[in-house]
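Working notes, structure below.
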Amino acid sequence: MEWEAYWQSLLTEKKLNNKVTELNLYEEIILEREPCTERICKGICDRYDEMEKHLEAVKLDCIKEFNQIEGVYLKSGRVKGKDSLLCKVIDKRRENIEAFDSKYYDLNEFNYDRIITDLVGIRLIINYRGKWLDVHRKILEMFPLLDQKLYEANPLLEHRTGERFQAEWPKVYYAQNDPIQEYKNEGLYVKLKAIGYRGIHYILSYRGTYIELQLRTIYDEAWSECDHNYVYKKEENRSHDALVQLSKILNRLTHLSDILNDTMKSVYDKEGIVVSGQENVWTALSEHIDSIDEIIAKLEETDNIFREFRSRLVDKQEDCDEIGE
């Protein structure tokens, strides 16, 4: 497909026409220069096929490196596709058009791979939250942190020939009311995510390429996939507001599954709940009783939230009957 046809198809399909028009007008009227968004995107597009091959090889090699880490349930990776990359370039240029101190302000076809750090993405999925610390420490052995003063001076470190390391200080995303002291004890940055997203993010410098590595549980992954499919950047869907609320409920349930999974692991390791001499009575360690009480309380709270959501629903056909349609 020729560039012009591809460009127009991308803008239409991804609903980017208004954003690009806004960028063009700003550059023409405010900056008094020729619009360059399309030029930048075309420059990236012209070279990205070869770049994509390189990134795919880097991704596969890096995943092999992670095979030595014990306790990882699943490893997966992807290379950002051309459409997704150009959409991100447009969004970041628009969001930072007046942010002169932002790394995205001067983003162009020649430096995008040194600014956009998720051209390669890898996920390590663990089957229960309690494994995070062992896996985290192993990641740091493979991709060590450099002097903290370097990160304070420049949040994203440049590549170093022949070296592999953490290009950014690792960051934990957590949800409201999550316990985070254990992450702080390890020196990780912590950041609250209102939508309920949970995960540990690393930006690795590997073979002259930035790789975004995400570490999370199978339950966090399940919620994240669902939210990404039906909620994230899906505002055009007429049911978006309802889907946001349902995603929040699902987030609570998957997080409770994580807590229950950790409790089961602890019960197994400590043989903490056993049948007593009385019929239908089990003796249990206080920590396991406390965990189960916490889960029950959260389930009841979630049940109330779900019922409140249900109370707002009116059958569409009944509504039409009432107004005579």
Checklist entry - Does at least one position in segment 157-173 carry a residue that is in contact with a helix residue (DSSP H, G or I) (Cβ under 8 Å, 6 or more places away or on another chain), modelled with pLDDT under 95, surrounded by 14 or more Cβ atoms within 10 Å (Cβ to Cβ) and farther than 18 Å from residue 209 by Cβ? => result no
Checklist entry - When both residues are 6+ apart or on different chains and their Cβ atoms are under 7 Å apart, which pairs have a first residue that lies in segment 103-117 and is in contact (Cβ under 8 Å) with a residue 40 or more places away in the chain, and a second that is exposed (fewer than 14 other Cβ atoms within 10 Å of the Cβ) and not charged (D, E, K, R)? => result none
Next on the checklist: What's the number of the only condition in (1) free of Cβ contacts under 8 Å to residues at least 40 places away in the same chain; (2) closer than 19 Å to residue 208 by Cα; (3) not in a loop (DSSP other than H, G, I, E, B) that residue 146 fails to meet?
Outcome noted: (3)
Checklist outcome for this item: Checked against (1) touching a Gly at 6+ places or on another chain (Cβ under 6 Å); (2) surrounded by fewer than 16 Cβ atoms within 10 Å (Cβ to Cβ), residue 76 satisfies every condition except (1)
Checklist entry - Would segment 114-128 turn up any residue that is within 21 Å of the chain's Cα centre (by Cα) and in a helix (DSSP H, G or I)? => result yes
Checklist outcome for this item: Residue pairs within 7 Å by beta carbon, gap of at least six or interchain, first lying in segment 59-70 and surrounded by 14 or more Cβ atoms within 10 Å (Cβ to Cβ), second assigned to a helix (DSSP H, G or I), listed first then second, are 65/142; 69/135; 69/138
Checklist outcome for this item: The condition from (1) part of a helix (DSSP H, G or I); (2) surrounded by 11 or more Cβ atoms within 10 Å (Cβ to Cβ) that residue 35 misses is numbered (1)
Checklist entry - When you scan segment 218-241, how many residues do you find that are farther than 20 Å from residue 175 by Cα and small (Gly, Ala, Ser)? => result 1
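Which residue is nearest to residue 145 (Cα to Cα), if the candidates are limited to segment 176-198 and must be crowded, with 18+ Cβ neighbours inside 10 Å and in contact with a strand residue (DSSP E or B) (Cβ under 9 Å, 6 or more places away or on another chain)? Steps first, please.
In the first step, residues of segment 176-198 are kept if they are crowded, with 18+ Cβ neighbours inside 10 Å; the result is 183, 188, 196-198.
Adding the requirement that they be in contact with a strand residue (DSSP E or B) (Cβ under 9 Å, 6 or more places away or on another chain) leaves 183, 188, 197-198.
On the way: 183: 16, 188: 11, 197: 25, 198: 22 Å.
Filtering first and then ranking leaves 188.
Can you find even one residue in segment 215-222 that is assigned to a strand (DSSP E or B) and in contact with a His (Cβ under 6 Å, 6 or more places away or on another chain)? Break it down stepwise before answering.
Here is the first cut: in segment 215-222, the residues assigned to a strand (DSSP E or B) are 215-217.
Filter once more, so that each one left must be in contact with a His (Cβ under 6 Å, 6 or more places away or on another chain): none.
No; the residues of segment 215-222 include none that is assigned to a strand (DSSP E or B) and in contact with a His (Cβ under 6 Å, 6 or more places away or on another chain).
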Next on the checklist: So for segment 90-102 (the condition being under 19 Å from the mean Cα position of the chain (by Cα) and of a type in the set (Val, Ile, Thr)), does at least one residue qualify?
Outcome noted: no
Checklist outcome for this item: residue 105 passes all but one of the listed conditions (1) within 30 Å of residue 130 (Cα to Cα); (2) assigned to a loop (DSSP other than H, G, I, E, B); the exception is number (1)
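Residue-wise test of (1) of a type outside the set (Lys, Arg); (2) under 30 Å from residue 141 (Cβ atoms); (3) outside any helix (DSSP H, G or I).
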{"position": "28", "(1), (2), (3)": "yes, no, no"}
{"position": "64", "(1), (2), (3)": "no, yes, no"}
{"position": "67", "(1), (2), (3)": "yes, yes, no"}
{"position": "70", "(1), (2), (3)": "yes, yes, yes"}
{"position": "83", "(1), (2), (3)": "yes, no, no"}
Checklist entry - How many of the residues in segment 193-210 are outside any loop (DSSP other than H, G, I, E, B) and under 28 Å from residue 249 (Cα atoms)? => result 4
Next on the checklist: Let me spell it out: the conditions are (1) surrounded by fewer than 17 Cβ atoms within 10 Å (Cβ to Cβ); (2) closer than 30 Å to residue 142 by Cα; (3) small (Gly, Ala, Ser), and residue 242 meets all of them except one. Which number is the exception?
Outcome noted: (2)
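Taking the condition in a loop (DSSP other than H, G, I, E, B) and either among the charged types (D, E, K, R) or under 30 Å from residue 263 (Cα atoms) (or both), does residue 152 pass? Before you say what the answer is, go through the steps one by one.
Numbers: in a loop (DSSP other than H, G, I, E, B): no; either among the charged types (D, E, K, R) or under 30 Å from residue 263 (Cα atoms) (or both): yes.
Considered against the rule, which asks whether it is in a loop (DSSP other than H, G, I, E, B) and either among the charged types (D, E, K, R) or under 30 Å from residue 263 (Cα atoms) (or both), residue 152 comes out as no.
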Checklist entry - Does segment 276-283 contain any residue that is closer than 30 Å to residue 16 by Cα, open to solvent by 40 Å² or more (accessible area, probe 1.4 Å) and aromatic (Phe, Trp, Tyr)? => result no
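Anything in segment 143-153 that is surrounded by 11 or more Cβ atoms within 10 Å (Cβ to Cβ) and over 12 Å from residue 202 (Cα atoms)? List them, or say none. Even if it seems obvious, please write down each step before you answer.
Step one: of segment 143-153, the residues surrounded by 11 or more Cβ atoms within 10 Å (Cβ to Cβ) are 143-146, 150-151.
Of everything in segment 143-153, those that are surrounded by 11 or more Cβ atoms within 10 Å (Cβ to Cβ) and over 12 Å from residue 202 (Cα atoms) turn out to be 146, 150, 151.
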Checklist entry - If we scan segment 263-271, do we find a residue that is outside any helix (DSSP H, G or I) and either in contact (Cβ under 8 Å) with a residue 40 or more places away in the chain or among the acidic types (Asp, Glu) (or both)? => result yes
Next on the checklist: With the requirement that a residue be among the hydrophobic types (A, V, I, L, M, F, W, C) and either farther than 18 Å from residue 82 by Cβ or in contact (Cβ under 8 Å) with a residue 60 or more places away in the chain (or both), what does segment 1-37 give you?
Outcome noted: 10, 16, 20, 23, 25, 29, 30, 31, 36
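The values are calculated or read from the model by the stated rules, or taken from the named source; none is laboratory data. A quick note: this is a predicted structure, and the numbers were derived from the prediction, not measured. Here Cβ is always computed from backbone atoms with ideal geometry, including for glycine, and neighbour counts include all displayed protein chains. Protein only, heavy atoms only, side chains kept; ligands, DNA and RNA dropped before computing areas. Shrake-Rupley method; radii C 1.70, N 1.55, O 1.52, S 1.80 Å.
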